[in-house]
Amino acid sequence: MTIRKTPTVLVVEDDIESRTAMRKILDGVGYKTMEADNGQEALDLLPTEEIDILVTDLRLPIMDGVELLKRSKAADQEIEVILITGHGTVEVAVEAIKEGAYDFITKPIKKAQLLHSVEKAAEKQYLQRENKELRSQLSQSGVRKLVYASQEMRNIARMVEQIAPSTATVLIMGESGTGKEVIADAIHVASPRRARPLIKVSCAALPETLLEAELFGYEKGAFTGANARKEGRFELANGGTLFLDEIGEISPAVQVKLLRVLQDGKFERLGGTRTIDADVRILGATNKDLHHEVAERQFREDLFYRLNVINIRIPPLRERKDDVQLLAMHFLKLYSEKNQKPIEGFSEDAMLALTSYDWPGNVRELENAIERAGVFTSGKLASLTVLPQSVSAFAEPRHSLTFKIGTPLRELERKAIEITLQHTRGDKNMAARLLGIATRTIYRHLEREGQENGAGDDDSESVAEMTK
Ligand SMILES: Nc1ncnc2c1ncn2[C@@H]1O[C@H](COP(=O)(O)OP(=O)(O)OP(=O)(O)O)[C@@H](O)[C@H]1O
Ligand SMILES: [Mg+2]
């Protein structure tokens, strides 16, 4: 929350008597005050003095109050301006409101009127600042934008919209880094619960008893160390959404309790007797194959069905390559803005590598690669050289295979493996991925080479040697 500091009020008035009187009134109720004799003097104070509210006479030497209003607003959007008008200038003051003045007071100044107006202006400013802070917190931590181009993700986005209004439990499945949490955020934000909290619990991060205490809360004395009553996440999420991340990790005991909340919407705090109603929408996420866990009796079948009312499976990034380019551009923009670098895009071969690579770490790996690329890029384009080697290896190989018709396939295979291994600087796993074959095929090939070479041929370009 914004700390509510005492507002600083700057009084601008060329008439000393009137100026001193206004200052006295404001000082008397605890505002910090400053004064200026004219508009220029006032503007000079703005950059250093953290002025919150400006009370200015309309008729001033050098520049009038309206001019000062415009210039001070240009210097500091948040400043609130109150105008003092003499006889016959009310029309000007009304005009000034349209220019962004907060209020105007007519002379002769009455104490109550001045205080009322300043107080209201301070209140408005406080609320605006608090709002702004909340919004920025939200965009930093909470809700991230869902970026996609693929048909797969478009279907998921449509599904999010359809299911958001209900309270049905949703189970989000997908490999690590595919965006499960992003989807959970999107569901909450699109739901009527958006104004209420979205509470997140990582079920894998806590040991069993702590997780229970976190979820359901406890009464004073429920266990050693429970010195005071604590509300659990279910209570904190009341009216909102509870996101249970890595739900495949919860122990049998917690599974039972969770099942009860899902069935009856009721639970008790640890050590408590009072039954509490839970008005909470539950979203779960897992990168485990829960069907398999159920078959293995690691996860309760009844709980699984309660959770899996709606199922969203996010495909790995390699199965929705159409998203890569857009996501890469999105992250590049994000991080170049953050680091204040004028990077505009990727070189052609860099983009080719990005879209050819198979991203085992999914969107998170892509995001990290782009963040890194942003750091090392000095020009307008991020090039192949700033990408991690694992990715840049997927750029278009410089070699081309030419062969005589009639060359045995096995020979072509050998050549392709050799060239690819050169390209990956001997990394056999990566070469295998580039070629779309198993790593053991490469080993078999190298063994065969070794045997052939071992039979007297002293070829210094032997692949087996080169890739040691
Ligand atoms: N469609 C998307 N649009 C924009 N950013 C995305 C998208 N998908 C994922 N991200 C970003 O990628 C990163 C990983 O996403 P997220 O944390 O949601 O993955 P996850 O599936 O929950 O991974 P894990 O299983 O490891 O917890 C986050 O920084 C997220 O903002
Ligand atoms: Mg996650």
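The values are calculated or read from the model by the stated rules, or taken from the named source; none is laboratory data. It should be emphasised that the depicted structure is a prediction, and the values quoted were computed from it without experimental measurement. Methodologically, a virtual Cβ is constructed for each residue, glycine included, from the backbone with ideal geometry; neighbour enumeration extends over all protein chains shown. Heavy atoms of the whole protein, side chains included, go into the accessibility calculation; ligands, DNA and RNA do not. Shrake-Rupley method; radii C 1.70, N 1.55, O 1.52, S 1.80 Å.
Test D358 against the stated conditions and say whether it is in contact (Cβ under 8 Å) with a residue 60 or more places away in the chain and more than 18 Å from the chain's Cα centre (by Cα). Before the answer, list the steps.
Values: in contact (Cβ under 8 Å) with a residue 60 or more places away in the chain: yes; more than 18 Å from the chain's Cα centre (by Cα): yes.
It is true that D358 is in contact (Cβ under 8 Å) with a residue 60 or more places away in the chain and more than 18 Å from the chain's Cα centre (by Cα).
Can you pull out the residues in the range 361-376 that are surrounded by 18 or more Cβ atoms within 10 Å (Cβ to Cβ) and either among the aliphatic types (A, V, I, L, M) or closer than 14 Å to M329 by Cβ (or both)?
Scanning the range 361-376 gives V363, L366, E367, A369, I370, A373, G374.
To keep it simple, each residue is scored yes or no on (1) open to solvent by less than 70 Å² (accessible area, probe 1.4 Å); (2) of a type in the set (A, V, I, L, M); (3) free of Cβ contacts under 8 Å to residues at least 60 places away in the same chain.
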site	(1), (2), (3)
G28	yes, no, yes
K32	no, no, yes
L46	yes, yes, yes
M63	yes, yes, yes
S72	yes, no, yes
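Quick test for you: out of E348, E344, E411, pick the one residue that is touching a strand residue (DSSP E or B) at 6+ places or on another chain (Cβ under 7 Å), away from ligand 2 (no atom under 16 Å from the Cβ) and either open to solvent by 30 Å² or more (accessible area, probe 1.4 Å) or closer than 24 Å to N287 by Cα (or both).
Only one candidate passes the filter, namely E344.
Might you check whether a residue that is free of Cβ contacts under 8 Å to residues at least 60 places away in the same chain, part of a helix (DSSP H, G or I), more than 16 Å from ligand 1 (Cβ to nearest atom) and of a type in the set (A, V, I, L, M, F, W, C) occurs anywhere in the range 223-244?
As a first pass, look at the range 223-244 and keep what is free of Cβ contacts under 8 Å to residues at least 60 places away in the same chain: 223-242, 244.
Subsequent filtering for residues that are part of a helix (DSSP H, G or I) retains 233-236.
Now restrict to residues that are more than 16 Å from ligand 1 (Cβ to nearest atom): 233-236.
If we keep only those that are of a type in the set (A, V, I, L, M, F, W, C) too, we end up with 234, 236.
Yes: the range 223-244 contains one or more residues that are free of Cβ contacts under 8 Å to residues at least 60 places away in the same chain, part of a helix (DSSP H, G or I), more than 16 Å from ligand 1 (Cβ to nearest atom) and of a type in the set (A, V, I, L, M, F, W, C).
Can you say whether L283 is outside any strand (DSSP E or B), under 31 Å from the mean Cα position of the chain (by Cα) and either within 16 Å of ligand 2 (Cβ to nearest atom) or surrounded by fewer than 16 Cβ atoms within 10 Å (Cβ to Cβ) (or both), as far as the supplied structure shows?
no
List pairs: first residue in the range 208-219 and closer than 14 Å to K266 by Cα, second residue assigned to a helix (DSSP H, G or I) and open to solvent by 40 Å² or more (accessible area, probe 1.4 Å) anywhere in the structure, Cβ distance under 7 angstrom, at least six positions apart or on different chains.
Close Cβ pairs (under 7 Å, with a partner that is assigned to a helix (DSSP H, G or I) and open to solvent by 40 Å² or more (accessible area, probe 1.4 Å)) amount to L215/R233; F216/K257.
Tally up the residues in the range 92-141 that are in a helix (DSSP H, G or I), open to solvent by less than 60 Å² (accessible area, probe 1.4 Å) and either β-branched (V, I, T) or modelled with pLDDT of 90 or more (or both), please.
6
For the range 203-215, indicate whether the set of residues that are within 13 Å of ligand 1 (Cβ to nearest atom), in a helix (DSSP H, G or I) and of a type in the set (V, I, T) is non-empty. Even if it seems obvious, please write down each step before you answer.
Of the range 203-215, the ones within 13 Å of ligand 1 (Cβ to nearest atom) are 203-205.
Right, trim to in a helix (DSSP H, G or I) and you get none.
No: zero hits.
Of everything in the range 174-222, what is open to solvent by 20 Å² or more (accessible area, probe 1.4 Å), within 16 Å of ligand 2 (Cβ to nearest atom) and more than 20 Å from the chain's Cα centre (by Cα)? Give them in sequence order.
The answer is A204, A205, L206.
Report yes if some residue within the range 59-80 is assigned to a strand (DSSP E or B) and touching a helix residue (DSSP H, G or I) at 6+ places or on another chain (Cβ under 9 Å); otherwise report no.
Within the range 59-80, one or more residues are assigned to a strand (DSSP E or B) and touching a helix residue (DSSP H, G or I) at 6+ places or on another chain (Cβ under 9 Å).
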